[in-house]
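One structure is given below, encoded as structure tokens.
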Amino acid sequence: MKAKDRIESQALELLTPVLEAHDVRLWDCEYTREGRDWYLRLTIDKDGGVTIDDCEAVSRDANEILDKSDLIQDAYTFEVSSPGLTRVLRRPRDFENSIGRKVDVRLYEAKNGLKEFTAVLKRADTECVTLGMEDGSEQTFDRKDLALIRLAFAG
């Protein structure tokens, strides 16, 4: 297991009680390098949306646990944020949590005359997604053919 994956996994294990205590769920955990700087990013969500107060409270409590654990030896910046309204779907749980919602889709290559469109996510697994199209039909796309799939802005 890569050091990056190990740190993400151990950070999640350490921080799960903090997430539960603040009644939020994990959307993403990423340990990444940008230029010379390292970042540990925790993206949280909850029904009704995450507030700045939620992010601050989780950040404060999580930071304390991370400092005590000495999990990351290098200097890094810790960030806690919401996934935003148009969050990208990546992992199986992202898709599971988004069933029945409108999504924006971009394909690498056009299929049935479509390359970019909005549809309703009906079903998803590790291989494909089934979408409810505007005309009432359902179409299934291989996940490998999706350049991007994210929640559509409903505003």
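The values are calculated or read from the model by the stated rules, or taken from the named source; none is laboratory data. Note that the structure is a prediction, hence the values are computed from the model and not measured. In this analysis, Cβ positions are derived from the backbone assuming ideal geometry, glycine residues included, and neighbour counts consider all displayed protein chains.
Where residues in the stretch 9-32 are touching a residue at least 60 places away in the same chain (Cβ under 8 Å) and outside any helix (DSSP H, G or I), which of them is surrounded by the most Cβ atoms within 10 Å (Cβ to Cβ)?
Trp27
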inquiry  = Return the residues of the stretch 18-39 that are more than 24 Å from Ser98 (Cβ to Cβ) and of a type in the set (A, V, I, L, M); say none if nothing qualifies.
reply    = Val18, Ala21
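Report whether or not Ala119 is in a strand (DSSP E or B), over 23 Å from Asp45 (Cβ atoms) and among the aliphatic types (A, V, I, L, M).
Values: in a strand (DSSP E or B): yes; over 23 Å from Asp45 (Cβ atoms): no; among the aliphatic types (A, V, I, L, M): yes.
No: the conditions fail for Ala119.
Filter the stretch 89-102 down to residues that are closer than 14 Å to Leu121 by Cα and exposed (fewer than 15 other Cβ atoms within 10 Å of the Cβ), then give me how many there are.
Here the count works out to 7.
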remark   = Picked from the stretch 46-56 (must be of a type in the set (D, E, K, R) and at pLDDT below 90), the residue surrounded by the fewest Cβ atoms within 10 Å (Cβ to Cβ) is Asp47
